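One structure is given below, encoded as structure tokens.
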């Protein structure tokens with residue numbers, strides 16, 4: 001069949017528009033082309049995406065902590081104890097208890113030396129784990145009160161969970177907490193009006209006789225708020241800090257829920273005393289780790305490096 005004249009005209013018109021399209025395309029400069037690409041990306045971004053892999057932090061963050069026990073572990077120390085803080089960051093940074101959110105903070109009073117202002121500021125920039133209280137450095141003249149009474153205004157937020165922490169711990173810097181064991185011991189306990197620790201005197205097993213040792217004791221958040229608001233602590237600041245703390249609760253009729261964690265909490269075996277025993281598996285806390293040798297012995301006993309991953313970069317027999 002021979003092509004008709006109308007077919008030929010359609011072909012010529014089609015070719016003309018095709019050539020015109022090519023000319024227009026070539027005439028678009030690079031800036032205009034980039035604008036078209038941006039327009040395309042914006043259009044695609046409006047299309048709902050499918051959920052990302054469940055390991056994403058965006059999915060873990062809102063769901064993983066809803067039922068977790070929230071604890072603030074405040075380690076009372078001194079500004080110049082740089083090496084000790086570094087050591088304790090290693091100790092607590094390698095513990096990951098399940099079902100708990102534990103914030104470890106180092107607590108001391110106002111800085112007094114120029115080198116502290118520089119070095120401690122660098123620590124804060126790097127680790128953000130330091131609380132500096134508005135007080136003169138001391139042990140038994142109100143530092144513990146300054147710590148507990150300052151916390152509600154420091155950490156309370158209208159946008160966050162309430163309470164910000166279920167429990168607040170006060171610990172010495174020669175104390176080793178095994179966080180997983182601590183959490184397990186707290187699970188059956190109430191989250192209100194709780195006072196937890198190693199009861200003094202050492203021979204007593206009665207949590208009401210008389211107070212919890214300063215090696216490390218814990219209270220629920222409602223007691224922290226009471227310490228801030230009550231006149232009882234404000235009027236009794238001086239004396240052995242752990243005994244004074246126990247006096248506050250007794251006079252204020254607080255800490256009606258008490259838990260004596262003895263003998264999961266104890267002093268290091270040497271020197272021997274009525275407050276100590278040998279290391280054993282069911283341990284929450286070991287106190288009086290005054291030197292490197294005691295720390296190493298304790299850490300080896302609990303085999304804290306068992307999760308060290310093999311690597312071609314090191315060989316540790």
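What follows is calculated from the coordinates using simple rules that are stated; it is not laboratory data. Quick caveat: nothing in here was measured; it's all calculated off a predicted structure. For neighbour counting, all protein chains shown are included, and Cβ atoms are generated from backbone atoms with ideal geometry for every residue, glycine included.
Per the Kirkwood formula applied to alpha carbons, region 147-216 shows a radius of gyration over Rh ratio, Rg over Rh, of 1.00.
The share of Cα pairs per 5 Å bin across region 195-288, counted from zero up to the longest distance, runs 3, 14, 24, 24, 16, 11, 6, 3, 0 percent.
For a Förster distance of 30 Å, can you work out the FRET efficiency between the beta-carbons of residue 137 and residue 293, rounded to the nearest 0.05?
On the way: r = 28 Å, r/R0 = 0.93.
Given R0 = 30 Å and the Cβ-Cβ separation, E is 0.60.
In plain terms, the chain from residue 210 to residue 124 could stretch by 27.2 nm, reckoned as 0.36 nm per residue minus the Cα-Cα distance.
I need the Debye-formula profile for region 55-204: one equal scatterer per C-alpha, no solvent, reported as log10 I(q)/I(0) at q = 0.14, 0.16, 0.17, 0.20 1/Å, two decimals. With one equal scatterer per Cα and no solvent, log10 I(q)/I(0) is -0.80, -1.04, -1.17, -1.50.
What's the Cα-based Rg to Rh of region 65-301, Rh via Kirkwood?
Values: Rg = 17.1 Å, Rh = 18.3 Å.
With Rg and the Kirkwood Rh in hand, the quotient comes to 0.94.
In whole Å, what is the distance between the alpha-carbon centres of region 149-178 and region 76-115? Cα centres, region 149-178 to region 76-115: 14 Å. For region 224-238, backbone nitrogen atoms closer than 18 Å to the point 7 Å from residue 256 Cα along Cα-to-C-beta are found at 224-227. Modelled spin-label separation between residue 184 and residue 243, with each label point placed 7 Å from Cα along the Cα-to-Cβ direction: 3.5 nm.
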